Every structure is written in C-alpha cells, then in structure tokens.
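Written below as structure tokens is the structure these notes are about.
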C-alpha cells in the first residue's frame, strides 16, 4: 500500500512543531491534522504565527527555502481550523485533550505522531482517566509513533506484543505492520548514542568492550522552569525545578537503559549514563568513554588507538551510516551544529585514547604443577569520543520524520 497522505500530530510543543515543519518540507504527506486540544490565542491566526516563526531556527519559510523563501501560510477557515501552508493543508483541532476523543477517524488519520510527552505508557488501556497512548487507536488510528521513550507504570514489565522501540537507521527495519501499533522513537540522546556506538559494535577490533559510559551535556528542555519553582508532589529530583537559564544542572538520563532495548548486546557491558543540563536552546554533546582490551603490536603500539577509532567512524560515515553519522575534522562549537542533519557528528580532532596495563595472575598451564602463578600483562585502552547532536531538529526530529515515513509506507 502507498504512503498514507494524511498524518496526525498530537501536540504542538517543541517536537510537535518541528515534526510539522519537517513534513511541510517533504512530499510524503499532503495533509496534516494537528491536535492542540485547547483554544490558542484569540483566533486561528495565533497558531499560524506560532508555526511560522521560531526562536531557535528562525522563520519557517527560510527553513524550507533559504534566503529566497517567501512566507506562504494563512488561515483559510477559522471555524474548521483550516490553514494553508506551502501547498499543504493543515487542520488544527482545538477541543479534545484525551486521545480517545480526538476525531482521527473523521479526518481520515490512520498514523499519529504523539508529541505531547504526556501519554507514554504502552500498557495503559484506552479508557484510563486523563487519557492514554492507546486512546489514539480507539479514536481511529492504526499506528501511533511516540516522540519519546515509553514509560510504563508496570515496573519491569516487558513491552506489549504490539509495541516496539525503533530508531531510524538502527532497527527501524523491524517494524511489522501486522503486529506493531505502538512505536517509541526513543529519545534524542538515545538516538545519537545508538548511532555513535553502533560502528564500534560492528567491528571485530572494538566489538568486545569491557566497560562503557556516557555523559550528555544537554540543552534545556521545556520541562525545566525559567525561574526556580516549587517541586510537584512526589518530585525526587529537586534540581529540575531550579531556573534553567542560570544554572548547570546535574540530572539523570535513561539513554543507557533504552539503548539496551534497541541493541541487546549492550546488556553485557556495564554501561552508565548521566546528563548535565546547560542553558542553551538546542544542540547537545555526548561524551562517550569506552574501555577495550587491546593487543600490543610488533612495533610496540597497541591495536586500538586514536587513528583507528576515527578510521572506524570515517568508514561508517562513508558506508553503512552515510547520511546519519558524520566525522568532522574541524574544530566545532555547538552553534555550528544547529540544524545539522545528522544523528551524530563525531568531533574527530578530540578523539583520545590512553593505554594502561593490568597485571593478571593466572594458574600454571599444567594442572597440579608445582609452580607459581604466572603473571600476564594485559593492555587496556580507554577511548574518549565526543559526538554532537541537534537534540531538537537536525538529529532527533529528522530521524523521527524518516521513521514516520517508513512506517507510513509499510502500512
């Protein structure tokens, strides 16, 4: 079956808006139905202005067409919520907040991108209080793509059989239209991390990692307050209630746990992950640390060195990860990566390796022999790799858009 020409988007926050931008610039859908679930401003023109401008990426017409772009977005019918934008029809729904009450069926929507960040539990039934992810299915959708990780109230429970976590370019080929109804596109950090670590897992020289860990230096998100706020009932991380504009905030990330669900081989590695929020609008940085057991070569060098790691990434960027992973030989800052269309950009000039040696005592080769334990010196190489990702648009929303199109083509 061909591409579904109508796409539903629930939520018009940061990701919902950028998902709309992405599909306005492509021909996979010619009609977009966006549910905001409440009145906006004093008229539909408030929605038009919100869509047409962005504090991070500039005006929509320049995003779509560069400096030669001309604004072409207007209200067609206030009552019907109809907007015309760059040759496409946008229908804005402003009533239902509960997914099961959104009239997807009436608008011919079979594929919905859930962008509110509110409905994340794949186990919750459609009729639970305040709504659920499955409510979209009850309202007429056949498949829901969630723009965030699943978060279930059933701690430790496996995913339902009709749910899957898919990352474009990593495991999106696993989508089964006969089985999957709920899809999580994971998070921006998990997406970048998956593309960063996959080339290492697919090469014999670097496949057998001993330990790994990552820190993401992450731009602020809309979940953080502009000024200090009173914590909500049950809040455990009080730092997330501190003002986002004036603080560096230590916090957590579930990127490692989510990555294990997408790439099960990560489970054997003692993988740790944490996050540091900084007061910038977008673009984040993964600092990946990996330890390998190396091999000492005849010339006294070791098998895993800086040039070897960069060569692996260069090979991936020119091969299986072309268009998704970039190896940069330049010296970049975060502003250089704004809007960069790549899951991750490796800052090759900052790749570092350092080898140390561990003395390991092993028993005699002949059982029962009256001899002392032998000492074997093992070279262990620590590798540090830096990866940029535009956590809003270039890295995450582009991959989400590509995943959505793949799902639509398969339905």
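Read the figures in this text as sums done on the coordinates, not as results from a lab. Nothing here was measured: the structure is a model prediction, and the numbers come from that model. No Cβ is skipped: glycine too gets one built from the backbone with ideal geometry, and neighbour counts run over all protein chains shown.
GNM remark for the chain: springs join alpha carbons under 10 Å apart, and the peak mean-square fluctuation among 134, 207, 314 falls on 207. On C-alpha positions alone, give me the angle between the axis of helix 14-24 and the longest principal axis of the chain, in degrees, nearest 10. With both axes taken from Cα atoms, the answer is about 70 degrees. Any chance you could give the angle, 0 to 90 degrees and rounded to 10, that helix 398-410 forms with the longest Cα principal axis of the chain? Result, in degrees: 70.
Quick check: from the Cα gyration tensor, does the stretch 23-62 come out rounded (a/c under 1.5), prolate or oblate? Walk me through the numbers before you get to the answer.
Working: a/c = 2.50, a/b = 1.19, b/c = 2.09.
It comes out oblate by the Cα gyration axes.
The value given for the stretch 308-410 is a Kirkwood hydrodynamic radius of 17.1 Å, derived from the mean inverse Cα-Cα separation. The residues 384, 153, when put in order of fewest to most other Cβ atoms within 10 Å, stand as 153, 384.
Under a Gaussian network description of the chain, with springs only between Cα atoms under 10 Å, the residue in 274, 54, 372 that fluctuates furthest is 372. Where does helix 188-201 land angle-wise versus the long Cα axis of the chain, in degrees 0 to 90, nearest 10? In the chain, helix 188-201 runs at an angle near 30 degrees to the longest axis. Calculation over all alpha carbon pairs of the stretch 6-160 in 5 angstrom steps from 0 returns a P(r) of 2, 9, 19, 21, 19, 13, 8, 5, 2, 1, 0 percent.
Residue separation times 0.36 nm, minus the C-alpha to C-alpha distance between residue 82 and residue 5: what's the value?
On the way: separation 77, 0.36 × 77 = 27.72 nm, distance 1.66 nm.
Full-extension gain reported as 26.1 nm.
For a paramagnetic label modelled on residue 55 (point 7 Å from Cα along Cα→Cβ), amide N atoms under 12 Å away belong, within the stretch 228-252, to 244-245.
Just rank 50, 313, 173, 57, fewest to most, by other beta-carbon atoms within 10 angstrom.
On the way: 50 14, 313 23, 173 11, 57 20.
Fewest to most other Cβ atoms nearby, the residues stand as 173, 50, 57, 313.
Let me have the 222 nm mean residue ellipticity of the chain computed from DSSP H runs of 4+ only, each contributing -39500 (n - 2.57), with the sum over all residues rounded to the nearest 500. Display every interim value, and only then the final one.
On the way: 9 runs with 81 residues, N = 411.
It lands at -5500 deg cm²/dmol.
Averaging 1/r over every pair of different alpha carbons in the chain and inverting the result gives a Kirkwood radius of 23.2 Å. When the chain is treated as a GNM with alpha-carbon contacts under 10 Å, the residue of 140, 270, 348 showing the greatest mean-square fluctuation is 270.
Quick check on the stretch 95-239: take the gyration tensor over C-alpha atoms, sort the square-rooted eigenvalues as a ≥ b ≥ c, and tell me if it's rounded (a/c under 1.5), prolate or oblate. Provide the component values of the computation, followed by the final result.
Numbers: a/c = 2.14, a/b = 1.25, b/c = 1.72.
Oblate, since a/c reaches 1.5 and b/c is not below a/b.
Cα-Cα pairs above 27 Å in the stretch 189-391: how many percent? Please list the in-between numbers first.
Values: 8381 of 20503 pairs.
Across the stretch 189-391, Cα pairs with separations above 27 Å total 41 percent.
What is the diffusion coefficient of the stretch 133-214 in µm²/s, taking the Kirkwood radius over Cα pairs and the Stokes-Einstein relation at 10 °C with a viscosity of 1.306 mPa s? Provide the component values of the computation, followed by the final result.
Values: Rh = 14.6 Å.
The Stokes-Einstein estimate is 109 µm²/s.
Rank the residues 389, 86 as a footprinting-exposure proxy: fewest other Cβ atoms within 10 Å of their Cβ go first.
86, 389
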